[in-house]
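Trainee: Right, I'll just put the structure down here and ask away after.
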2 protein chains.
Amino acid sequence: MTTGARQAGDGTVAKALTVLDAVAEHGRPVRFSELLEESPYPKATLYRFVQVLTQQGMLSFDPERQTYAPGLRLVRLAHAAWQASSLAPIARPHLDRLSRETGETVHLAQLDGGQVLYVDKRNAREPVAMYSQAGKVGPAYCTGVGKAMLAHLPETELAPVLQQQSWHAFTGKTITTSDAMRHELSEIRARGHAFDDEEHEPGIICIAVPILTRSGRVLGAVSVTSTTARTDLDGLTRHLPALRAAVSAIAGEAQDWRFPDQAAE
Amino acid sequence: MTTGARQAGDGTVAKALTVLDAVAEHGRPVRFSELLEESPYPKATLYRFVQVLTQQGMLSFDPERQTYAPGLRLVRLAHAAWQASSLAPIARPHLDRLSRETGETVHLAQLDGGQVLYVDKRNAREPVAMYSQAGKVGPAYCTGVGKAMLAHLPETELAPVLQQQSWHAFTGKTITTSDAMRHELSEIRARGHAFDDEEHEPGIICIAVPILTRSGRVLGAVSVTSTTARTDLDGLTRHLPALRAAVSAIAGEAQDWRFPDQAAE
DNA sequence: AAACCAAGTTTCAAATAATGAAACTACATA
DNA sequence: TATGTAGTTTCATTATTTGAAACTTGGTTT
């Protein structure tokens, strides 16, 4: 095994994906020269990567502007990813109903690498959503869905995750230490649901419930979000029955469908 | 010496992406052996590809069941792609409005490699089971959005695309030859909008309008879909004003956003 | 108009990574 | 224990990638 300086020289595919990331991170069409500035690769090498990726549909090239953007092949792949590796397809009808019943914003999230990945979402007003809203990641330590999931992680998984958190104080109410979080998590465990009391964004509050397998393994979480202008934490608890109903329906179907028990790793 | 131009054997990256596609197409976690069966590559080679892709986060591996699924990095990239290179973010409010006004299913599509890629969708108030979801691909020659876009393709792009079509007769009304299609396309061009008269699915009809730049380049298309049980082609034309309004709004914003006259920001 | 410049594209020998048959391991089943 | 199946590793061979530099293109300055 090559320890020490692990250069990017350990795989052509890896390097090409680096370039893909670079384009994606811009969020706007990018010029070749812009990529070149940030790239560790020489002109000709980067040029070839960009050519291959474009030819493969992973990037799209606008010949008028001479700019590169993420390609439509990625959109296609996304559909598959969303279908296959998330709870979203199972949860869809239940989120729809929850959204109708509560009239509030609804989130479905899963835990990934210590972060919260929003896998699906219903807006307070719009009844239909796409995977477009998946792919957004957020902090685990200051969101309702994040804390709901952390509360049910076994210690061996929880410890490293807590270590990864940035503990940035987004608001005055953000929990910013591991110890405080462990206390909060035990309360959430006892209570069965988590709140986000403006810990991430001022004025935004939510109530969240974890999706668990029968054996207690965490699959994800669902939350109902509102604003302090419209209600308060107590007010949110009136959505609990609907929230619990949705979560247990999702858990039941997920169990049958795809997540037989036993933890990984 | 350049060997005879063979198929996709022209790059490691391309081959790896092929593997990605294979996993994505399954729509469920796949075993290594399943991939091996379909793969043109020998065991060791495929194994290395899968290893690299997993290590890179493009695939995720479930060690319990020894299965591969599309990975989280892919979800993130895909989100970026959807945001940056599709019309969806621009079109969103307009699709919402069109959906409200018509009460029917609304599709936003783009052309990708001779196929129709549905990049966004709004369901009808009465949901009808249908073959289309955001991120899915469909045939260009027998869908309203597909024909609307083909009608405005320059000849140099149209010819190869027509050659790629399968011309499978999904229904008795499907157009199944290039010549018939060229005639249909000229009618669509003259008329300004395309119909799908049960050419893809029995009972499903739609009206579609292309999204064009000022210079006439095709960006995408929007359609309003209904069923023969509820209306007919003439009936669909009453949605034309709303459809045109949505399309021209999208075209206008797309022009500003994606094709600015000056690089700014 | 000529000179210049910047961005993008191509070349080619050297360096490197990919290849794949076969051997090996792990685990399940007879 | 024997046998089969799925997954993993090895390593000499082969093909691909690499990147400095030269070249092209299109636009701007002198």
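Trainee: Classify segment B:12-75 from the C-alpha gyration tensor, please: rounded if a/c falls under 1.5, else prolate or oblate depending on whether a/b exceeds b/c.
Mentor: Rounded.
Trainee: Taking the Cα centre of chain B as the origin, how large is its charge dipole in debye, to the nearest 20, when only Lys and Arg (+1) and Asp and Glu (-1) carry charge on their Cβ atoms?
Mentor: 500 debye
Trainee: Between chains B and A, what is the buried accessible area in Å², counting both sides, with a 1.4 Å probe and ligands, DNA and RNA left out, to the nearest 100?
Mentor: Approximately 5000 Å² gets buried when B meets A.
Trainee: From the phi angles alone, apply the Karplus equation (6.51, -1.76, 1.60; θ = phi - 60°) to segment B:13-29 and give each ³J(HN,Hα) in whole Hz, x where the residue is Gly or Pro.
Mentor: For segment B:13-29, the Karplus-derived couplings read 4, 4, 5, 4, 5, 4, 5, 4, 4, 4, 5, 4, 5, 5, x, 7, x Hz, x marking Gly and Pro.
Trainee: Return a whole-number percent for the relative contact order of segment B:18-116, with Cα pairs under 8 Å and 6 or more residues apart as the contact set.
Mentor: 20 percent
Trainee: If you don't mind, there's one more thing I want to ask. How large is the accessible surface per residue of segment B:86-258, computed with a 1.4 Å probe and reported in Å² as a whole number?
Mentor: 40 Å²
Trainee: For n ≥ 4 DSSP H runs only, could you compute -39500 (n - 2.57) per run for chain B, divide by its residues and tell me the 222 nm figure to the nearest 500?
Mentor: It comes out at -14000 deg cm²/dmol, rounded to the nearest 500.
Trainee: Further question: Once you place label points 7 Å from the Cα toward the Cβ at B:SER215 and A:THR177, how far apart are they in nm?
Mentor: Simple spin-label model gives 6.2 nm for this pair.
Trainee: Which residues in segment A:9-32 have a backbone N closer than 12 Å to a point placed 7 Å from the Cα of A:GLN66 along the Cα-to-Cβ line?
Mentor: A:31-32
Trainee: Please give the net charge around B:LEU98, taking every other residue with its beta carbon less than 12 angstrom from that of B:LEU98, where Lys and Arg add +1 and Asp and Glu add -1.
Mentor: Here the count lands on +2.
Trainee: Moving to a separate point now. Which distance in nm do the two modelled labels at B:SER186 and A:ARG244 give, with both placed 7 Å along the Cα-to-Cβ direction?
Mentor: Label at B:SER186, label at A:ARG244, 6.9 nm between them.
Trainee: Please check: in the Gaussian network model of chain A (C-alpha springs, under 10 Å), which one of A:GLY57, A:GLY216, A:GLY252 has the largest mean-square fluctuation.
Mentor: A:GLY57
Trainee: A further question follows. Please find, in a Gaussian network model of chain A (springs between Cα atoms separated by less than 10 Å), the residue of A:THR231, A:THR143, A:THR213 whose mean-square fluctuation is greatest.
Mentor: A:THR231
Trainee: Measuring from a point 7 Å out along Cα→Cβ, what nm distances, shortest first, does A:PRO154 have to its partners in the other copies?
Mentor: 6.1
Trainee: Let me ask you something else. If the label for A:GLU38 sits 7 angstrom from Cα along the Cα-to-Cβ line, what are its distances to the same label in every other copy, in nm to one decimal, shortest first?
Mentor: Label-point distances to the other copies, shortest first: 3.3 nm.
Trainee: May I pose another question? If contacts are Cα pairs under 8 angstrom and at least 6 residues apart, what is the relative contact order of chain A in percent?
Mentor: Normalised by residue count, the contact order of chain A is 14 percent.
Trainee: Could you state the angle between the C-alpha long axis of helix A:240-257 and the longest principal axis of the C-alpha atoms of chain A, as a value from 0 to 90 degrees rounded to the nearest 10?
Mentor: 50 degrees
Trainee: List the relative contact order of segment A:12-70 as a percent without decimals, with contacts defined as Cα pairs under 8 Å and 6+ residues apart.
Mentor: Taking the mean separation of contacting Cα pairs over the length of segment A:12-70, I get 42 percent.
Trainee: Answer with one residue from A:GLY216, A:HIS193, A:ILE90: the one whose Cα lies farthest towards the positive end of the charge dipole of segment A:80-257, charges on Cβ with Lys, Arg +1 and Asp, Glu -1.
Mentor: The residue sitting most towards the positive pole is A:ILE90.
Trainee: Just the number, please: carbon plus sulfur as a percent of the accessible area of segment A:80-257, 1.4 Å probe, no ligands or DNA/RNA counted.
Mentor: The nonpolar share, carbon plus sulfur, comes to 51 percent.
Trainee: Please check: in the Gaussian network model of chain A (C-alpha springs, under 10 Å), which one of A:ARG189, A:ARG100, A:ARG214 has the largest mean-square fluctuation.
Mentor: Judging by the Gaussian network model, the answer is A:ARG214.
Trainee: Next question. Once the label point is set 7 Å along the Cα-to-beta-carbon vector, what list of distances in nm do you get between B:LEU233 and its counterparts in the other copies?
Mentor: Distances between equivalent label points, in nm: 6.2.
Trainee: Still on this structure, please answer the following. Per residue of segment A:30-45, in order, report the coupling 6.51 cos²θ - 1.76 cosθ + 1.60 (Karplus, θ = phi - 60°) as ³J(HN,Hα) in whole Hz, putting x for Gly and Pro.
Mentor: Rounded to whole hertz, the list is 10, 7, 4, 5, 5, 5, 4, 4, 7, 7, x, 9, x, 3, 5, 5.
Trainee: Probe radius 1.4 Å, ligands and nucleic acids ignored: give me the carbon and sulfur share of the accessible area of segment A:12-70 as a rounded percent.
Mentor: Roughly 49 percent, rounded to a whole number.
The values are calculated or read from the model by the stated rules, or taken from the named source; none is laboratory data. Being a predicted model, the structure only gives us computed values, none of them experimental. FYI the Cβ positions are ideal-geometry reconstructions off the backbone, even for glycines, and counts take in every protein chain you see. With ligands, DNA and RNA removed, areas are computed over all heavy atoms of the protein, side chains included. Shrake-Rupley method; radii C 1.70, N 1.55, O 1.52, S 1.80 Å.
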